[in-house]
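Chemist: Structure below; questions to follow.
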Amino acid sequence: MSADSGTRRFPAAPRESERALWTMLLALTGGFALSQAYRTVAAIMAPQLQADFGLDPQGLGLFAGTFHFAFGLLQLLMGIGIDLYGVRRTVLVAFPLTIAGSLLSAVTSNFGVLLLAQALIGIGCAPAFLVCTVFIAKRFPAARYASVSGLVLGLGGMGMLATGTPLAWLIEASSWRTGFVALAAFSALAWLAIARFVHERASADEGASPAERESIGQALHGFASLFAMPHTWGILALATVSYAAFVSLRGLWLGPLLVDRYGFSLVASGNVAIAVSVASMIGPPLFGRLDPGRATRRRWLLAGTLVCAAMFALLAPGFDASFDVIVAIAFSLVSGYGVLQYADVRDAYPASMTGRALSLFTMALFLGVALMQWLTGAVASAAVAHGLPPFAAAFATIALMLAAGALLFVRLPQPR
């Protein structure tokens with residue numbers, strides 16, 4: 001983003017205490033945790049949504065993908081907003097749309113309106129993780145970037161815990177609509193916490209006067225310059241499939257897999273979702289601390305992607321319920337290697353382009369989720385139409401997409 005790109009000089013801001021930094025980061029992480037909850041509701045709400053709206057797998061994939069499409073598409077705009085107006089103002093303006101979209105989801109009986117509501121939630125959540133990554137990049141030492149980012153990813157996973165057993169229990173006791181009302185209430189609390197605890201810093205990054213800020217046109221040109229760098233394409237290829245694989249399993253297919261393939265109850269599938277979520281919370285901090293550095297980090301990224309592809313290949317046949325649960329939990333732990341992608345992006349570009357590169361990378365992550373969820377839904381529906389097992393088709397598709405992303409990542413030009 002353009003906040004990094006100028007040559008202007010400002011007086012150094014007073015050094016903030018470690019406690020103040022962590023208080024602000026934890027408040028921002030609360031918004032990120034809510035976005036994690038919203039992006040994984042489909043896995044638990046799926047049975048009731050399919051019953052109420054008559055959805056086939058493709059329709060369910062469209063429901064889940066709409067959030068991520070809106071979330072990913074708005075990353076560019078949110079990145080520019082952070083450039084021009086700062087972390088705090090950007091998230092405070094956007095996040096109320098999350099509350100509105102959640103409440104609209106709770107009251108509508110029209111599938112088209114439900115999709116609109118999911119788009120509003122996606123737009124409202126669009127800056128939720130980006131503000132965390134930019135805040136860490138600007139306010140913490142560079143040497144701590146991977147470890148702090150990993151910790152935030154782990155803490156943000158608490159939102160997924162809410163969409164495991166607690167949400168399953170709430171839905172069984174009431175309905176999926178009550179689930180959206182509860183999420184709206186927690187979203188309002190997260191917004192209040194950010195308003196109370198997060199403040200801007202008078203520096204070259206934030207709080208610059210209007211005359212000193214880049215224009216929107218200059219910011220857009222700064223984003224376009226990323227595509228002129230050949231190594232950008234390999235980074236985007238891997239970004240499009242890596243996180244998408246995890247969210248497609250945890251956020252879409254896990255519940256239907258356990259309920260339809262193995263006859264689990266909704267609460268039992270919620271219990272498995274809790275275990276998967278806990279594993280996903282452990283992985284990022286673990287890999288953040290194990291970061292091998294730029295010399296070998298890309299080999300770790302390649303190996304992690306191929307291991308994840310192999311795990312989806314193991315899930316496809318449906319050997320046994322216990323086997324699938326163990327593989328899903330193991331995959332969620334290994335998927336934490338994705339935190340190394342943030343460090344890879346940070347090292348792949350000059351400091352003047354770090355912000356905008358992270359914004360483009362985040363856009364690729366979530367547009368990839370929308371693409372994978374829509375595509376696997378379409379493939380599963382086609383499989384059903386031809387008398388083939390839908391989950392095998394969906395998981396085989398994810399495995400192939402991961403393998404393709406790994407191949408492009410290693411074959412396309414590398415950063416110098």
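Chemist: Where does segment 92-157 land on Rg(C-alpha)/(2.2 N^0.38 Å)?
Modeler: Working: Rg = 15.8 Å, N = 66, 2.2 N^0.38 = 10.8 Å.
Dividing the Cα Rg of segment 92-157 by 2.2 N^0.38 Å gives 1.46.
Chemist: Rounded to whole Å, give me the distance from the Cα center of segment 23-102 to that of segment 318-350.
Modeler: 21
Chemist: Same structure again: Using a Förster radius of 35 Å, what is the FRET efficiency between F53 and L286 based on their Cβ-Cβ separation? Nearest 0.05, please.
Modeler: On the way: r = 39 Å, r/R0 = 1.12.
Using R0 = 35 Å, I get an efficiency of 0.35.
Chemist: Figure the gain on full extension for A268 and L189 (residue separation times 0.36 nm, minus the Cα-Cα span) and round it to one decimal in nm. Don't skip to the end; give the middle numbers.
Modeler: Working: separation 79, 0.36 × 79 = 28.44 nm, distance 2.90 nm.
Value of the extension gain: 25.5 nm.
Chemist: Let me ask something else. So with the 1.4 Å probe, I'd like the accessible area per residue for segment 224-264, rounded to whole Å². If you can, show how the numbers build up before the last one.
Modeler: On the way: 1130 Å² over 41 residues.
Here the residues of segment 224-264 average 28 Å² of exposed surface.
Chemist: If I stretch the segment between D260 and S109 completely, what's the gain in nm (0.36 nm per residue apart, minus their alpha carbon distance), one decimal? Don't skip to the end; give the middle numbers.
Modeler: Working: separation 151, 0.36 × 151 = 54.36 nm, distance 2.46 nm.
Difference between extended and current length: 51.9 nm.
Chemist: With charges set only on the Cβ (+1 for Lys and Arg, -1 for Asp and Glu), what does the dipole of the chain come to about its Cα centre, in debye to the nearest 20?
Modeler: On the way: 25 positive and 18 negative charges, 219 e Å.
About 1060 debye.
Chemist: Pull out the extension gain between A321 and V181, defined as 0.36 nm times the separation in residues minus the alpha carbon to alpha carbon distance; nm, one decimal. Walk me through the numbers on the way to the answer.
Modeler: On the way: separation 140, 0.36 × 140 = 50.40 nm, distance 3.25 nm.
Residue separation times 0.36 nm, minus the Cα-Cα distance, leaves 47.1 nm.
Chemist: Still on this structure, please answer the following. Could you tell me what percent of the accessible area of segment 248-384 is made up of carbon and sulfur, with a 1.4 Å probe and every protein chain present?
Modeler: Numbers: 3230 of 4590 Å².
Here it works out to 70 percent.
Chemist: Rounded to the nearest Å, what's the spacing between the alpha carbon centres of segment 244-302 and segment 103-172? Just the number, please.
Modeler: So the separation of the two Cα centres works out to 15 Å.
Chemist: In bins 10 Å wide, starting from 0, what share of all Cα pairs of segment 313-416 does each bin hold, as a percent?
Modeler: 13, 34, 32, 16, 5, 0
Chemist: Quick one: if the Förster radius is 30 Å, what FRET efficiency do W169 and V307 give, using the C-beta to C-beta distance and rounding to 0.05?
Modeler: Working: r = 33 Å, r/R0 = 1.11.
So the FRET efficiency works out to roughly 0.35.
Chemist: Around H68, with a cut-off of 15 angstrom between Cβ atoms, what is the net charge of the other residues, counting Lys and Arg +1 and Asp and Glu -1? Let's see the in-between values first.
Modeler: On the way: positive: R39, R250; negative: none.
Charge balance near H68 sits at +2.
Chemist: Calculate, for segment 284-334, the solvent-accessible area per residue in square angstrom, rolling a 1.4 angstrom probe over the heavy atoms of the protein chains. Mind dumping the intermediate values first?
Modeler: Working: 2510 Å² over 51 residues.
Averaged over the residues of segment 284-334, the accessible area is 49 Å².
Chemist: Taking N as the number of residues in segment 160-201, what value does Rg over Cα atoms divided by 2.2 N^0.38 Å take? Let's see the in-between values first.
Modeler: On the way: Rg = 13.7 Å, N = 42, 2.2 N^0.38 = 9.1 Å.
So segment 160-201 has a normalised radius of gyration of 1.50.
The values are calculated or read from the model by the stated rules, or taken from the named source; none is laboratory data. Note that this is a predicted model, so its numbers are computed, not measured. A quick note on method: Cβ atoms are made from the backbone with ideal geometry, for glycine too, and the neighbour counts reach across all protein chains shown. Heads up: the accessible areas ignore ligands, DNA and RNA and are worked out on the full protein's heavy atoms, side chains in. Shrake-Rupley method; radii C 1.70, N 1.55, O 1.52, S 1.80 Å.
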